[in-house]
Amino acid sequence: MGTLDIEKAIQKGERQFEPGVLAAANRGLLYIDEVNLLDDHVVDLLLDSAAMGMNIVEREGISFSHPSRFILVGTMNPEEGDLRPQLLDRFALSVEIHGIRDARDRVLIMERNLGFEADPDGFRDEWLGKEQDLSHQIESGRQLLDQVTYTQRDLLSIAALTASLNVDGHRADLVILKTARAHAAFEGRTSINERDIALAAELALPHRIKRGPFQQAEITMDDLQEKIEQLQGGATTGEPEPVPGETETVEKKKA
C-alpha cells in the first residue's frame, strides 16, 4: 500500500510518502502467490483498489492517492483453503493445473529441460522462431480486437448459459463476451462463434458456479458448446424470449 519514508522523516524531519507494490503494479501485472492465504485486511485493500482504480493511503498524518490499475494474477492450492467469494469473483478467468500423466510427454519435458541446461543459447535459438510467431499473432490480435463483432443471438446465448447455471451477478456475462472476442481476434477472425463462447465460458465459469459440499463436477468445453448450441436452437424457436425493446435479428453489432 505504501508507507511513510522513515529515513527522510528521521534525517530531515519531513513526512513523505513511499510508494508500495500497488504503485509499482499500476498499468502492469500484480502477481500473488498463495492468494487464498492473504489476510482479510489485505484482501479488503485489494478489492478497494481494484474497484476504484485508485490506492488511497491515510496514515501517520499523510493523505496520499495514486492510480492503481492492474491485472491481478493469483495462484493457490485449493487444499490449503478457499478464497473469499468477493475476491474470487474479481478473477475474470481461472485455470486448473494438473500434473502430466502421459509418459511420452513427461520424457519430452525432461529432454527439453536437459537440452536447455546443456546449451541455453542453442535452445533459445531453436525455439526463437515459434516464440516470434506467437508474439506476432498476439500483436495482430490486439490490432484486430476492436473490429471483432457479435450478434444479438450471441448475447442471448451467453445470458441464457449463465442463467441456466445459476451464476450470481453479471460480471461472468461480460467476461465471457470479452474473452470470446479476444479469442476470435487471436485466431484472426472478426466475428465470434459458438466455440469462442464455449472456450471463454470454460475459463470464466468454473470458479463462479455454486457447488454443494460433495459436488466435484467439472465442466468441459464440449459440454458447454453442446449447451450453447441447445440454447441457440431454442432462441430460434422462441426460447429464450427476445430482450424487450430488441428485435430478433442477427445483425452484427460492433463492440
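Among the residues of segment 64-84, not one is farther than 21 Å from N26 by Cα and touching a Lys or Arg at 6+ places or on another chain (Cβ under 9 Å). Is it the case that some residue within segment 220-242 is at pLDDT below 80, within 30 Å of N77 (Cβ to Cβ) and part of a loop (DSSP other than H, G, I, E, B)? So far as segment 220-242 goes, yes, one or more of its residues are at pLDDT below 80, within 30 Å of N77 (Cβ to Cβ) and part of a loop (DSSP other than H, G, I, E, B). Residues that are modelled with pLDDT of 95 or more, part of a loop (DSSP other than H, G, I, E, B) and under 16 Å from L88 (Cα atoms) within segment 161-206 are absent altogether.
Here is a yes/no grid of residues against (1) of a type in the set (S, T, N, Q); (2) surrounded by 10 or more Cβ atoms within 10 Å (Cβ to Cβ); (3) in contact with a Gly (Cβ under 7 Å, 6 or more places away or on another chain); (4) within 30 Å of V21 (Cβ to Cβ):
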| position | (1), (2), (3), (4) |
| --- | --- |
| V73 | no, yes, no, yes |
| R106 | no, yes, no, no |
| P120 | no, yes, no, no |
| G129 | no, no, no, no |
| T151 | yes, yes, no, no |
| L156 | no, yes, no, no |
| A160 | no, yes, no, no |
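M54 passes every criterion in (1) without any contact (Cβ under 8 Å) to a residue 24 or more places away in the chain; (2) of a type outside the set (F, W, Y); (3) exposed (fewer than 12 other Cβ atoms within 10 Å of the Cβ) apart from (3).
The values are calculated or read from the model by the stated rules, or taken from the named source; none is laboratory data. Treat the numbers as computed from the prediction; the structure is a model and nothing was measured. As a convention, Cβ positions derive from the backbone with ideal geometry for all residues, glycine included, and neighbour counts pool all protein chains shown.
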